[in-house]
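Trainee: Have a look at the structure that comes next, please.
Please treat every number below as a calculation from the coordinates, not as lab data. Since we're looking at a predicted model, the values are computed, not measured. Don't worry about glycine lacking a Cβ; one is built from the backbone with ideal geometry, like all the others, and counts go over all protein chains shown.
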There are 4 protein chains.
Amino acid sequence: MREFIHGAQAIARGAIRAGCDFFAGYPITPATEILLYMLRELPKVGGVAIQAEDEIASMGLCIGAALSGRRVLTATSGPGISLYSENIGLGIMGEVPMVIVDVQRMGPATGGATTVAQGDVQFLRWGTSGGYPVIVLAPTSLADCYSLTQRAFDLAERFRVPVFLATDKETVLSQSTVDVADFIDPPVRERRMASHEVKFIPYQMSAGEDVPPMTVYGSPHLLRFTTSTHDEHGHLTEKPEKVRALNQRLNAKIEDHLDEINLVNADLQPEAETLILSYGVTARAAVEAVRAGRQAGKLVSALTVYSLWPVPEEEIRKAMNGVRKVIVPELNLGQYRLEIERLAQGQVEVVGVNRVDGQLISPQDILVQGGVL
Amino acid sequence: MREFIHGAQAIARGAIRAGCDFFAGYPITPATEILLYMLRELPKVGGVAIQAEDEIASMGLCIGAALSGRRVLTATSGPGISLYSENIGLGIMGEVPMVIVDVQRMGPATGGATTVAQGDVQFLRWGTSGGYPVIVLAPTSLADCYSLTQRAFDLAERFRVPVFLATDKETVLSQSTVDVADFIDPPVRERRMASHEVKFIPYQMSAGEDVPPMTVYGSPHLLRFTTSTHDEHGHLTEKPEKVRALNQRLNAKIEDHLDEINLVNADLQPEAETLILSYGVTARAAVEAVRAGRQAGKLVSALTVYSLWPVPEEEIRKAMNGVRKVIVPELNLGQYRLEIERLAQGQVEVVGVNRVDGQLISPQDILVQGGVL
Amino acid sequence: MREFIHGAQAIARGAIRAGCDFFAGYPITPATEILLYMLRELPKVGGVAIQAEDEIASMGLCIGAALSGRRVLTATSGPGISLYSENIGLGIMGEVPMVIVDVQRMGPATGGATTVAQGDVQFLRWGTSGGYPVIVLAPTSLADCYSLTQRAFDLAERFRVPVFLATDKETVLSQSTVDVADFIDPPVRERRMASHEVKFIPYQMSAGEDVPPMTVYGSPHLLRFTTSTHDEHGHLTEKPEKVRALNQRLNAKIEDHLDEINLVNADLQPEAETLILSYGVTARAAVEAVRAGRQAGKLVSALTVYSLWPVPEEEIRKAMNGVRKVIVPELNLGQYRLEIERLAQGQVEVVGVNRVDGQLISPQDILVQGGVL
Amino acid sequence: MREFIHGAQAIARGAIRAGCDFFAGYPITPATEILLYMLRELPKVGGVAIQAEDEIASMGLCIGAALSGRRVLTATSGPGISLYSENIGLGIMGEVPMVIVDVQRMGPATGGATTVAQGDVQFLRWGTSGGYPVIVLAPTSLADCYSLTQRAFDLAERFRVPVFLATDKETVLSQSTVDVADFIDPPVRERRMASHEVKFIPYQMSAGEDVPPMTVYGSPHLLRFTTSTHDEHGHLTEKPEKVRALNQRLNAKIEDHLDEINLVNADLQPEAETLILSYGVTARAAVEAVRAGRQAGKLVSALTVYSLWPVPEEEIRKAMNGVRKVIVPELNLGQYRLEIERLAQGQVEVVGVNRVDGQLISPQDILVQGGVL
């Protein structure tokens, strides 16, 4: 069945198919469409959708709902991520599975409400104190909105961590005709719950586990939840060995499982001199640029990065291998390029193609400014 | 005159000597001492100090006061920076001179209130949407607290930008005996104000200017101030050329003046094989490690970075030149090390020495884990 | 069908039968049961029930919903009425039909959360600035809870005014077995809406009308709504004749229609020397006292007042006619007695029987302290 | 020395002369002038004046300051009294001495910001749950503003109760030339403090005391303060005898000391047929009306009521004694007239002269509508 939908719908539908049954948010262009869709549709499938009094309350509701057994989604734009910031830290500390959509608009501050941007790339990674890892996925298309939202829920459950969908005004508000039958629903990962048979210790793991199982408020278990550094019982502690163990685990549960998280699409050409590495809405232009470049007889490879954070270093190194130059087009002043420069290790020239005027980067921009044509 | 003071006092005194006449903040360990000092002392010099109802209000008051002609300071810890985040974006967009102290404690979330950390290094740089630059200074000692606070005010006025002092629980709450006579007060930079003689256009510059002059609310000038992308008149605009001009200027006013901002201390030894690069409280151990290493007959250089952001790339490259290895000790999982890896370009091995257990890194940790001894 | 229910349920059911399709409130003992019931039951009949972030938001939501065409209910206790106060004034000024339940507990302040009282009798009448009239109904029983809630909705629609249900912890939380078939549902009064055919002037009436018809936000009409003194167009005005006309109409629409509002139950005995005048939970003891008094050979009349405000003066004067003494039992220090003293005009002795210790007044209390026995 | 001042200044000066050293409030026309004066002048005498974030916070600050030993004032208008309502209940329950100025403007809701009214007369008495007494004083002139503010502080300390100054836009914002030397400062009543020698029981009294002595937070005493019904230790209780004792005492400490509170000015003429009873700004017209009436050969008495609540019943009855008619002019629909009707006991005709159009009542209005001329 062919339908004419926009990215907001794709995200919302993907979420519902991934078992999402709770949404709380506060309106902000260009994320409001997701809120409106969820307010209308989530109750129909037995879920709860709330427009809270502000963003701080929204994230509070999401965390509370997640701990009560819900699969939660929220959506906002850059200024809203700011207001989520403190509670995102709580989500990391408390290992709360949830999915947060950032529909990027031009910043800083309210910037341009209806102007496309990719300015939150580093912000999503580093936007709360302490610096512990989160996962960030970036859809390039309407179909990605659907599938990466599902993947975001999957990873949130797998690792008990906030997972971001870093998208943008253009991707979320543009409409396309899609064949809904093309949308494939992967199996929904069940939340791993602690058995009622055994004594529950909130942050204790059995042998072989890398993430502690959950329980819900209201279960026979006593669930301790604290914003502070804690031991496996959920008791606040400042004992160095307990503090270190917790903090290292928060990092390792992500960094040691890159194989489950990393997602890129590599269109590599043997002997290519140039690699175009892109993500999000800009990847669409990059794909076009590769096609046009090849038509013009150039040897050009492309790497589309879907999992921005943690940086899929191995996949990127592999794609850079042998090329002389990597072009990184971004709708910001060169944020992800910093990561590529770090990985290039002086072996590959890194060239940014950047716009911060609210316009999209064109394939021509990439080829000309990148020095391919 | 010798006095027994702590870092909080040094920061507060430095601020007052730099002309600070407004403070608003909300209590949070370990930053509360600064608030308390300002509440007591600022009125004595004709200033205003306010404990606001929360962090969001605190930053709102600071921005309003700055636009009314005040020199403003606020102080908090990581969770408070989260709550400042949206208004920091406004400070960047509106080009508001102000100084923000982050007394780092262990994160994420409330983490450890009285536990030292350096986990906000990337957060301070990237903690608001859009990704536009701020300035971050890191004191290593009580004397630095005094002098870098003054420098922070100087840079805030020079560039009309929020300037952070990235310090920590240990530096701010430890007491030392200092000879106050050693504190040298550099001249206070006067705020560059628009003449009342000419028509005021809020964001317009004359030839040769790189930052527009200011006015105050209540002056004969009409002062437009908006959180949105705007033209030189302060009118909201989405015209690509205006948007680009604004955004590029917000970046260029910092990036093009690194010579005025960069501040490091290089203790370089000819033929050194190893460079210890450090900042903040950890630099004290680094200095000790260099001394001990040299005593043990090792060739070791040291670079203390005071201006963390923008990264003083040239100074760092120069210090790395010729060494085989750079050791980066940090009280986090290796945040600033990412910048060093980027700059190393594969020519120098980068080794992190990291603790996240709430304990300080010792000189021995650096030498042993860094492979010097 | 016989059911075992409490007063909260009776109120909630009565509301739904009266067409209530919106509820917003904030939990407070002993009113929380009504909130919980509505949260569960209102969605089942297509209504919306919200636990808002506080009482101020609750009343804001109620007013907004009423102006959008909903029939709204809220429920709280004394401290919540305080927080409603400002918006109750807006409800009076903006002529917003709504029903507010006050489940009285012991005051002042939080007083006794689970302790019965009738201390808000004057508060409900005078609890907002300006002194314009509202309507207050007081149920004496579970059956009254059901029927007076319906009547409250009817009067709210009729007069576009906030109508209170002044009840108490005892009445709302006690359970009884009732025969639901005994609950008779009067016809639901349709809201009088302005025709879409004619130009809408928000506060203009046609000949013969005493209350202006309504419209809803979202209709073709332009609906102006202001908290300030306004003319018939809803434009703010300070013109004396317009101000007077508005204020007098707000009063007259209630005071000139006592025949539609007043509700008492008179059980008068010829030649009675004593009248027991009561309301609310205390009326149950009064009825018992009358029975006991008569059994003891005393000539005693009873008047139960259901419509506390406006004071049903004519009905009260008629009941007092000929008696020598009127006994007014109240769970406060004699609030409604002030009204009776005013009406007694020195012709009848007025005796209060009062308790403020959290205990109910007994029939014996009335008879003995009232000097009947 | 003659000065040209307005009522706001007279109130603020009177407060400072009465020892006021704390003010917190939020701006609202026509009370803002008092806030502004206090913000400027209170620090000069070592006091603290705060513009809080809203009215709820203002009252919270006032209560906290009072319990810390301060003499507190706040000022607002009708809508602000609504927001104070919950905390006024706390002030009654916790026996907090404080003075609250209500500069009445036209209600309900925001009504007319700059329009005079006397619509809060019953609201001030009954504006919080439970119905326990407060004291309300009404100045008629600039000189009264000065002296009654002092009296308000005196009574607040004497009875540990919130005392209102019921004034109005006209009285507070009109300017007159006064001879400041005429302002007589009565001795300032010292707060009765519990001795540090003896164990402190927060609500216990010695023989002969009718109000418990106070202590301050920070003293050696343990000060329990609760919003709930409590015993003499400040422990929450629901024991009927404790609850009754507390509630009766809250009432009796006011009602049993009318001799210390009641304040009227009687200008009685032997054989007078008519009494003009008035308060506040309207009393000025009443005085003129009496003079004009007498000039026209009428026998007219006047009673100006300064202490509105508790109602000075004895003084009013005495003034009504022998007259045939009492005229009660008010800038509302007849609120205080209800009290007079109650006291008249059918012996005296009570006639209201009322305006609610934002204009003052003239002497002529009183004489003509009152049927004197």
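Trainee: At most 14 other Cβ atoms within 10 Å and a DSSP loop assignment: could you name the GluC sites (Glu not before Pro) in segment B:43-146 that fit?
Mentor: Loop-located and lightly packed - B:Glu53.
Trainee: Quote the convex hull volume per residue of the protein assembly as shown, based on C-alpha atoms, as a whole number of Å³.
Mentor: Residue-normalised Cα hull volume stands at 226 Å³.
Trainee: Taking each residue in C:240-247, count the Cβ atoms of any other chain within 10 Å of its Cβ, then average. What number comes out? Could you put the intermediate results ahead of the total?
Mentor: Working: counts 6, 1, 2, 10, 5, 2, 3, 13.
Counting other chains' Cβ atoms within 10 Å and averaging over C:240-247 gives 5.
Trainee: I've got another one for you. Suppose R0 equals 30 Å. What FRET efficiency, 1/(1 + (r/R0)^6) with r the Cβ-Cβ distance, do D:His196 and A:Glu53 give to the nearest 0.05?
Mentor: Values: r = 47 Å, r/R0 = 1.56.
Efficiency computed from Cβ-Cβ geometry: 0.05.
Trainee: Which of the GluC sites (Glu not before Pro) found in segment B:267-354 are loop residues per DSSP with 16 or fewer other Cβ atoms within 10 Å of their Cβ?
Mentor: Values: sites: B:Glu271, B:Glu273, B:Glu288, B:Glu313, B:Glu314, B:Glu315, B:Glu330, B:Glu339, B:Glu341, B:Glu349; in loops: B:Glu271, B:Glu273.
In loop regions of segment B:267-354 (DSSP not H, G, I, E or B), the sparsely surrounded GluC sites (Glu not before Pro) are B:Glu271, B:Glu273.
Trainee: Then there's this: Can you compute the radius of gyration and Dmax for segment D:217-333, using only the Cα atoms, both in Å?
Mentor: Considering segment D:217-333 through its Cα atoms, Rg and Dmax are 21.6, 67 Å.
Trainee: From zero up to wherever the largest Cα-Cα distance of segment D:161-295 sits, split into 10 Å bins and tell me the percent of pairs in each.
Mentor: 8, 24, 25, 19, 17, 7, 0
Trainee: Under the Kirkwood approximation for Rh and a Cα-based Rg, what ratio Rg/Rh is obtained for segment C:8-166? Mind dumping the intermediate values first?
Mentor: Working: Rg = 13.8 Å, Rh = 15.0 Å.
Rg/Rh for segment C:8-166 comes to 0.92.
Trainee: How large is the charge dipole for the protein assembly as shown, taken about the Cα centre, if only the Cβ atoms of Lys, Arg (+1) and Asp, Glu (-1) carry charge, to the nearest 20 debye?
Mentor: Values: 136 positive and 176 negative charges, 1 e Å.
Dipole of the protein assembly as shown, to the nearest 20 debye: 0 debye.
Trainee: Something else about it: Can you give me the Kirkwood hydrodynamic radius for segment D:294-347, using every pair of distinct Cα atoms, in Å to one decimal? Could you put the intermediate results ahead of the total?
Mentor: Details: mean 1/r = 0.0817 Å⁻¹.
It is 12.2 Å.
Trainee: Provide the three semi-axes, in whole Å and in decreasing order, of the ellipsoid equivalent to segment B:274-315 as defined by the square roots of 5 times the Cα gyration tensor eigenvalues.
Mentor: Numbers: eigenvalues 94, 27, 4 Å².
Sorted largest first and rounded, they come to 22, 12, 4 Å.
Trainee: Report the FRET efficiency, 1/(1 + (r/R0)^6), for A:Arg317 and B:Glu238, where r is their Cβ-Cβ distance and R0 is 30 Å, rounded to 0.05. Show your work: numbers first, answer last.
Mentor: Working: r = 39 Å, r/R0 = 1.30.
Calculated value: 0.15.
Trainee: Need one number: nm distance between label points at D:Val368 and D:Val216, each 7 Å from Cα along Cα→Cβ, rounded to one decimal.
Mentor: In this crude label model, D:Val368 to D:Val216 measures out at 5.8 nm.
Trainee: Evaluate the charge dipole of segment C:257-373 about its Cα centre and quote only its size in Debye, nearest 20, assuming +1 on the Cβ of each Lys and Arg and -1 on the Cβ of each Asp and Glu.
Mentor: That gives a dipole near 340 debye.
Trainee: Continuing with the same structure: Among B:Leu67, B:Ile81, B:Phe123, which residue has its Cα positioned farthest towards the positive end of the charge dipole of segment B:1-136, with +1 placed on the Cβ of Lys and Arg, -1 on the Cβ of Asp and Glu, and the dipole taken about the Cα centre?
Mentor: B:Leu67
Trainee: Using the structure shown, list the pairs from A:Lys239/B:Lys169; A:Lys325/B:Lys242; B:Lys44/D:Lys44; C:Lys253/C:Lys318; B:Lys298/B:Lys325; A:Lys169/B:Lys239 with a Cα-Cα distance above 21 Å, or answer none.
Mentor: Violating the 21 Å limit, Cα to Cα: A:Lys325/B:Lys242; C:Lys253/C:Lys318.
Trainee: Further, regarding this structure: Any idea what angle helix C:240-255 forms with the longest principal axis of chain C, computed on alpha-carbon atoms, 0 to 90 degrees, nearest 10?
Mentor: Tilt relative to chain C: about 40 degrees.
Trainee: How far is helix D:282-295 tilted, in degrees, relative to the longest principal axis of the Cα atoms in chain D, given as a value from 0 to 90 rounded to the nearest 10?
Mentor: So the inclination is approximately 30 degrees.
Trainee: At 0.692 mPa s and 37 °C, plugging the Kirkwood radius over alpha-carbon pairs of segment C:281-373 into Stokes-Einstein gives what diffusion coefficient in µm²/s?
Mentor: Details: Rh = 13.4 Å.
Calculated translational D: 244 µm²/s.
Trainee: Here's a follow-up. Please compute, for peptide A:44-50, the average count of beta-carbon atoms on other protein chains lying within 10 Å of each residue's beta-carbon. Spell out each step's value before the answer.
Mentor: Details: counts 0, 0, 0, 0, 0, 0, 2.
The per-residue average across the peptide is 0.
Trainee: Which trypsin sites (Lys or Arg not before Pro) does segment D:186-286 hold that lie in a coil by DSSP with at most 13 other beta carbons within 10 Å? Spell out each step's value before the answer.
Mentor: Values: sites: D:Arg189, D:Arg191, D:Arg192, D:Lys199, D:Arg224, D:Lys242, D:Arg244, D:Arg249, D:Lys253, D:Arg284; in loops: D:Arg189, D:Arg191, D:Arg192, D:Lys199, D:Arg224.
The qualifying sites are D:Arg192, D:Lys199.
Trainee: Across all directions of projection, what mean area in square nanometres is found for the Cα convex hull of segment D:148-221?
Mentor: Details: hull surface 30.3 nm².
Quarter of the Cα hull surface area: 7.6 nm².
Trainee: While we're looking at this one, here's another question. Can you tell me the convex hull volume per residue for segment D:232-290, based on C-alpha atoms, in Å³ to the nearest whole number? Before the final figure, lay out each step's value.
Mentor: Values: hull volume 9.4 nm³, N = 59.
Enclosed volume per residue, from the Cα hull, is 160 Å³.
Trainee: With the label 7 angstrom out along Cα to Cβ, how close does B:Glu255 come to the same site in each of the other copies, in nm, nearest first?
Mentor: Going from nearest to farthest copy, the values are 2.8, 7.3, 7.8 nm.
Trainee: Could you give the alpha-carbon Rg of segment C:6-85 over 2.2 N^0.38 Å, rounded to two decimals? Mind showing how you got there, number by number?
Mentor: Details: Rg = 11.4 Å, N = 80, 2.2 N^0.38 = 11.6 Å.
This ratio for segment C:6-85 stands at 0.98.
Trainee: Tell me the angle of helix D:55-67 to the major Cα principal axis of chain D, expressed in degrees between 0 and 90 and rounded to the nearest ten.
Mentor: Result, in degrees: 60.
Trainee: Determine the equivalent ellipsoid of segment C:115-191 by diagonalising the alpha-carbon gyration tensor, then write out the semi-axes as square roots of 5 times the eigenvalues, largest first, rounded to whole Å.
Mentor: Numbers: eigenvalues 113, 79, 6 Å².
In descending order, the three semi-axes are 24, 20, 6 Å.
Trainee: Considering the zone a paramagnetic label at B:Glu271 would reach in this model (a point 7 Å from Cα along the Cα-to-Cβ line), which residues of segment B:278-322 have amide N under 17 Å from it?
Mentor: B:293-302, B:322
Trainee: Per-residue Cβ counts within 10 Å, from other chains only, averaged over D:218-225: what number is that? Let's see the in-between values first.
Mentor: Values: counts 0, 0, 0, 0, 0, 0, 0, 0.
Counting Cβ atoms of other protein chains within 10 Å of each residue's Cβ and averaging gives 0.
Trainee: Assigning unit charges at the beta carbon (Lys, Arg +1; Asp, Glu -1) and nothing else, what dipole magnitude in debye, to the nearest 20, does chain C show about its Cα centre?
Mentor: 140
Trainee: How big is the C-alpha Rg of chain B next to the rule-of-thumb value 2.2 N^0.38 Å, as a ratio?
Mentor: Working: Rg = 20.9 Å, N = 373, 2.2 N^0.38 = 20.9 Å.
Against the compact-globule rule of thumb, the ratio is 1.00.
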